[in-house]
Every structure is written in structure tokens, then in C-alpha cells.
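**Student:** Have a look at this one.
Read-outs throughout are calculated quantities, based only on the coordinates presented, and are distinct from any laboratory measurement. Quick caveat, the model's predicted, so the values are computed rather than measured. Glycine also receives a Cβ, built like all others from the backbone with ideal geometry; neighbour counts cover every protein chain displayed.
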Amino acid sequence: MNAPHPPLRLLIVDDEAPARRRLRDVLMDCADRLPVEIVGEAGNGLDALDQVQRQPVDAVLLDIRMPGMDGLECAAHLNQLSNPPAIIFSTAYDAYACQAFDLNAVDYLVKPVRADRLVRAMSRARRLNAAALDDLRAAHPKARMHLSVNEKGRIVLIPVPDILYLRAELKYITVRTATREFLIEESLTRLEAEFGETFVRIHRNCLVARERIREIGKLPGDEDGHFLRLDGLDERLTVSRRQYSALREKIRSI
Amino acid sequence: MERWNHNNRHVALPNFCHLGVNLRIALTVEAALAAMVIVRTLDFDAFGEQFLTLSALAQPALLLTLLALCAAGRGLRTLPYRAGVIATLLLGAAVPAATTVWLGPLLGEPRPIALLSVMAFALLLGALLLGYFNLRARALSPAITEARLEALQARIRPHFLFNSLNAVLSLVRSDPRRAEHALENMADLFRAVMRNTSQLVPLEDEVALTRAYLELEQLRLGERLRIAWHLDQMPSEALIPSLVIQPLVENAVYHGIEPLPDGGEISLDIHRSGDKVHVVVRNPVAAQGSSHKGNRIALDNIRERLQLHFDLDAQLKLEPQGAVYQVHIVMPYTHERTAPALASAHRR
């Protein structure tokens, strides 16, 4: 016989209490085949993030469709951890998501969950790679509620409504809020696609929060040079010639 | 459960009290009058003046004729179809003629209006309109309408089905009785969805179905789903198309409650006011708008079925009110005796 594995430390995340109870029941039934220790339950993505950081968790059973922060966004933030848990998604019915999972070879469970299927998924549970996660999120186009960064091993969430601008700088993107700056590793093009309703492009390297635009002015001494100022920020942001006319159109339509 | 089946109904006179019928008659008469004036004047400037002069007589005549037809409608429709048509035409010619005799002198027309031409005009138009209503009734024959209704058959959201099954499974061990009850509710719901929706059902049955549905949702959502029932003034015996209220409430849960972490309240208000039944469903609006496409499809489906059953006498209004989204349905109050024929109010 093999040396007994330590039980898998598992977090169950689903917004419906009966669904969580059902998963517990099924896990209990197959405890001999798959020793697990259920370290907690969470009713939404935020709660899940919190719990994962308070105790060691090997794997997360993560429902996709949840109010507030949904499963896919939660997975994206969890992946910011230096040692992220394995993630197994679950869904009652979501044709598009399932297709995307299959394409990216990401294991998922459909509810109601069968014991065999659960054992199989758990025994090969692993971390999501970043590319697969991007693909999944592209197939499920819903803007995140937060951006996240890893600061000293902890996930810091930046609520999207707090963000004033996003500026690409070499490898990173500077996220500016009224109080401070963060550096995140994402692509500005993807961010523009995801948050196109909230942010407008003013320069090749900069997106600003549409509703925070306070004034647009001419740069002195430059014929077509323009700058822009945001609520609660003294900094002048450069508006590129190419974006200026498009920007004026958008502002007028607000 | 009582139902009214309207197959094999032969073509009958339209119900002249219905808005849709009145509108069609009025528009045709106006168009005919306008055409007549155009032909007579052949001059754009004179048209307005002549049309106004003519309308002073024609509008009261039209109104009185519609009133007379509505009043006599029940009697007319008990006659055999042919006799009914003749009686309708006579009435339709007599009322304008009488109006001319009465109003003609008051209007001080320079030349007296020929009574005969008024009657001929009315007879001709009347025959044309009855022909049209006959054709329309055939086009909307029960078979065709039923096929259209069948295509509009309500569907169960797969999301709801699998989540409910999951919730029931979670109860089987801990609370078998509740599990049983939930399965009974599911059976009722599926029976209703698979049933032919071309029939009218008593309002209380539809409300019972909605209750069964909400009990299932409550199982999953627990305290996140709160319901305020306002049914004190509900006319339980009124007949409505089946699956009109339940899908509205399902929409309210899916778009209004599920996206909210703390849930919210759905209110259902059903009452009768005069000869109308009002159904008002309210739900909170989730801040982050989820896709409203599914919502539209369900509402379009209900709207089309209401139209097939009640023509212009039923309405579905969407009334977003800030943080609350409201859907308001108005249907004619019908009960057993006056149950309208399938698809058109005109064939009664």
C-alpha cells in the first residue's frame, strides 16, 4: 500500500446553501476513495478569497454563476497568489462556459454532481494556467468588479469604480486611484475590451474613467496638443492627436 | 381543472364592443371618407376644408353606429351568420341615415345631403368590412392560431431545472418530506409547461403554479428570495392564458434576485378593476445589468400570446422605476360565459 496521502484541504464555494450541502454529502460518501478535509464554505467570490488567505487550502470547488463576484473573476484573483490552490469549476448549466472548459482542458463539474465524477476531478485537480483562464474569461464576457495585485503575499483588490486611469508602462500597467498607485501585469488592449464601457482611451498607453473626466484643455504653445484632467487628481494627462477627436465625440454623447 | 376549447368554431360576426374591431372599422371609414373627398375635390387646398365639413357629420354617425353595434352585438351574434350579416348591414345603414336626418339641418349644409347616398356608402363599406372580418377570422382559424401558440410554448430554463434538481437531491437525506413536496411542485410545473398553452385557465390555477415555482426557488435561494403577495382583490375565477404570470415571476427571480448577494423582494399584485384584470410584478434592479436579452425573449413571447388571445384588449407594459423594475399586464376580465374565442375577439 502507498503511504496515505494527507487529506486534501478543500473549500466549497457556491451561493446556494443546498448546493453546498449536496457537495458535502457526496464528498462524505466517497471519503474512502478520496480523503478530503473540508476547511470551509463560502457563498460568494469575495468570501472565498478571504478564506483562502486565512488558512492553507489545496483546492477550491468554485461555482461559476454567483451574485457579486462570480467564479471566473474569483479564479483570476486567486491566481495572483504565489501558491494558488487548484480550482475545479462547477455549474448547473452554462453551454458556453462548458465549451470553453473543454477547449482549454480545464476540468469542471456539472450539477447535480455525481460521486465518480467528483473523485475523478479532484484527483487530477491542478492550478489553472493564466492563458487558459484568459480564454475562459473571454468566452464569458463579463467585466470584473475588481482588479487585483499581489502585495507581500496577499491579494489586494482594487474596485473598478475607484480607478481613475490605467497607464501602460514598459512591462506593467499603472492603476491610479484617488489615493494611490498599483502595478499590475495585464494587457491594456484586453483591459480596454473588458471595460470599454467604463474607460476611454486618450492615448496609445492610457485609458481613463469616462465619468471622472473634469476638463479637457489645450496645451500652451502646441497647436494640436491637448491635455485632460480627472476628478480628484492634479496630474495633467496627455491626449494624443489620434484620440482627441474620438474622445470629443464620446464625451458629447454622455 | 376547467378549460375551454374553441376548436371547430365556425366563422361568426365580430364582437363590436372590442377595441380592435372598433379601431379597424373606424380607420376603414376614415380612409374611405378621405378617398371620397380626394376624388371629389382633386385639389389639395380644398381637401382640408371639405374633409372637415364632411367629418362634422360623418364622425357622429360613425360613433353612434359603433355604439349601436356594440349594444346590439349579443343579439346579432345569436342569429344565424347570414341573418346576422343582413341585420348588421341594416343597422349599419340605418344609424348613419338617422344621424343625417337629425344632424343635417343643424349643420346648415348648403345643399341637402342625399339620404340615399349616405345609406349606399354605409352599406357598401359595411359589406366590405364584414367580408374583411370573415377573411380575418378564417386566417386566424383555431388550427393556425393553435400552431402559432404551440410555437410559443413556454420553456423551462435549463439553469433552473438543474439547480432545482440539485437542491432536491440535497434534501433527500436530511429532509425527505420537503424533498417529496419539492418534486411534486416540479411535476406540477412541468405538466403546465408541457400542456397545450392555447387554452385559458382560471387565474387561481396560474397563481397556484406560480406558488409551486416560487417554493422551488425558495429552496435554493432561502432568505434571499422574499415575496410580497397582494391577492386580496384577485378575481380567482377570471380566465387567462396559462403561463403568463409564472414566466414573469421567473424573470423577476433570474434577473432581479439572483444577481443580488443579499437578494430582495418580489411583489405580485393581481386585482380586478372594472372589466380588466391587472397583474403587476415588481423586482429590484441589480446594479450591474446582466444580459437583458433572455428577458426580452420571454416578455415578447408573453406579449404575442396575449395578443393572440385578446387582440388589442390586452397590454403588457414594462415600467422601469429607478431601483424597481415593474411589468404590468392588463387583460380583459372574462369568465366562463364570456370566454373569448381563441385568437381573436372578433369571432364571438
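**Student:** Angle between the Cα long axis of helix B:142-151 and the longest principal axis of chain B, 0 to 90 degrees, nearest 10?
**Tutor:** The angle comes out at about 40 degrees.
**Student:** What is the extension gain from A:Arg204 to A:Arg126, computed as 0.36 nm multiplied by their sequence separation minus the C-alpha to C-alpha distance, in nm to one decimal?
**Tutor:** 24.3 nm
**Student:** Further question on the same structure: Taking a point 7 angstrom from the Cα of A:Gln53 along the C-beta vector, which residues in the stretch A:1-44 have backbone N less than 19 Å away?
**Tutor:** A:11-13, A:40-44
**Student:** With the crude spin-label approximation of a point 7 Å out along Cα→Cβ, what separation in nm comes out for A:Gln99 versus A:Cys30?
**Tutor:** With each label placed 7 Å out from Cα toward Cβ, I get 2.8 nm.
**Student:** Let me ask something additional. Please get the size of the charge dipole for chain A, origin at its Cα centre, with Cβ charges of +1 on Lys and Arg and -1 on Asp and Glu, quoted in debye to the nearest 20.
**Tutor:** Values: 38 positive and 38 negative charges, 70 e Å.
Charge dipole, chain A, about its Cα centre: 340 debye, nearest 20.
**Student:** Continuing with this model, one more query. For labels at A:Val110 and B:Leu79 in the simple 7 Å Cα→Cβ model, what's the distance in nm?
**Tutor:** Roughly 6.3 nm, to one decimal.
**Student:** Along the charge dipole of chain B, which of B:Leu66, B:Ala167, B:Pro202 sits closest to the positive end, that is, farthest toward it, with unit charges on the beta carbon of Lys, Arg, Asp and Glu (+1, +1, -1, -1)?
**Tutor:** So the residue furthest toward the plus end is B:Leu66.
**Student:** Further question: What is the dipole size for the protein assembly as shown, taken about its Cα centre, with +1 at each Lys and Arg Cβ and -1 at each Asp and Glu Cβ, in debye to the nearest 20? Numbers along the way, then the final one.
**Tutor:** Working: 71 positive and 70 negative charges, 202 e Å.
It works out to roughly 980 debye.
**Student:** Residues of B:163-175, mean number of Cβ from any other protein chain within 10 Å of their own Cβ, rounded to a whole number?
**Tutor:** The mean count of partner-chain Cβ atoms within 10 Å per residue comes to 6.
**Student:** Could the peptides B:179-188, B:308-317, B:240-249 be put in order, highest first, of the mean number of other beta-carbon atoms found within 10 Å of their residues?
**Tutor:** B:240-249, B:308-317, B:179-188
**Student:** Which whole number gives the average count of other chain Cβ atoms within 10 Å of the Cβ atoms across peptide A:43-50?
**Tutor:** Numbers: counts 2, 1, 1, 1, 1, 0, 0, 0.
Per residue, the average neighbour count from other chains is 1.
**Student:** Using only Cα atoms, locate the centre of the stretch A:1-66 and the centre of the stretch B:43-84, then give the distance between them in Å, rounded to an integer.
**Tutor:** Measuring centre to centre over Cα atoms gives 75 Å.
**Student:** Relative to the longest principal axis of the C-alpha atoms of chain B, give the angle of the C-alpha long axis of helix B:293-310, reported between 0 and 90° and rounded to the nearest 10°.
**Tutor:** Taking Cα atoms only, the helix is inclined about 50 degrees.
**Student:** Using a/c under 1.5 as the rounded threshold, could you call the protein assembly as shown rounded, prolate or oblate? The axes a ≥ b ≥ c are square roots of the C-alpha gyration tensor eigenvalues, and prolate needs a/b larger than b/c, oblate otherwise. Walk me through the numbers on the way to the answer.
**Tutor:** Numbers: a/c = 3.61, a/b = 1.68, b/c = 2.15.
Because a/c hits 1.5 or more and a/b fails to exceed b/c, the protein assembly as shown counts as oblate.
**Student:** As a check on your grasp of the helix formula, calculate [θ] at 222 nm for chain B: sum -39500 (n - 2.57) over DSSP H runs of n ≥ 4, divide by the residue count, round to the nearest 500. Let's see the in-between values first.
**Tutor:** On the way: 10 runs with 200 residues, N = 348.
Rounded to the nearest 500, the figure is -20000 deg cm²/dmol.
**Student:** Roughly how big is chain B's charge dipole about its Cα centre, with Cβ charges of +1 (Lys, Arg) and -1 (Asp, Glu), in debye to the nearest 20? Mind showing how you got there, number by number?
**Tutor:** Details: 33 positive and 32 negative charges, 178 e Å.
Using Cβ point charges on Lys, Arg, Asp and Glu, chain B gives about 860 debye.
**Student:** Further question on the same structure: What average count of beta carbons from other chains do you get within 10 Å of the Cβ of residues in A:104-112? Numbers along the way, then the final one.
**Tutor:** Values: counts 0, 0, 0, 0, 0, 0, 2, 6, 9.
Mean partner shielding for this stretch: 2.
**Student:** Let me ask you something else. So what's the angle, to the nearest 10 degrees on a 0 to 90 scale, between helix B:19-41 and the longest Cα principal axis of chain B?
**Tutor:** Value to nearest ten degrees: 30.
**Student:** Could I ask something else about it? Kindly provide the helix-only [θ] at 222 nm of chain A, computed as the sum of -39,500 (n - 2.57) over DSSP H runs of four or more divided by all residues, to the nearest 500 deg cm²/dmol? Before the final figure, lay out each step's value.
**Tutor:** Details: 8 runs with 79 residues, N = 254.
So the helix-based figure for chain A works out to -9000 deg cm²/dmol.
**Student:** Another question, if that's okay. Can you list, largest first and rounded to whole Å, the semi-axes you get for chain A by taking the square root of 5 times each eigenvalue of its Cα gyration tensor?
**Tutor:** 43, 17, 15
**Student:** Once you order the gyration tensor axes a ≥ b ≥ c over the Cα atoms, which shape class does chain B get: rounded for a/c under 1.5, otherwise prolate or oblate by comparing a/b with b/c?
**Tutor:** prolate
**Student:** Enumerate the whole-percent occupancy of each 10 Å bin, from 0 to the last occupied one, for all C-alpha pair distances of the stretch A:108-186.
**Tutor:** 14, 33, 30, 15, 8, 0
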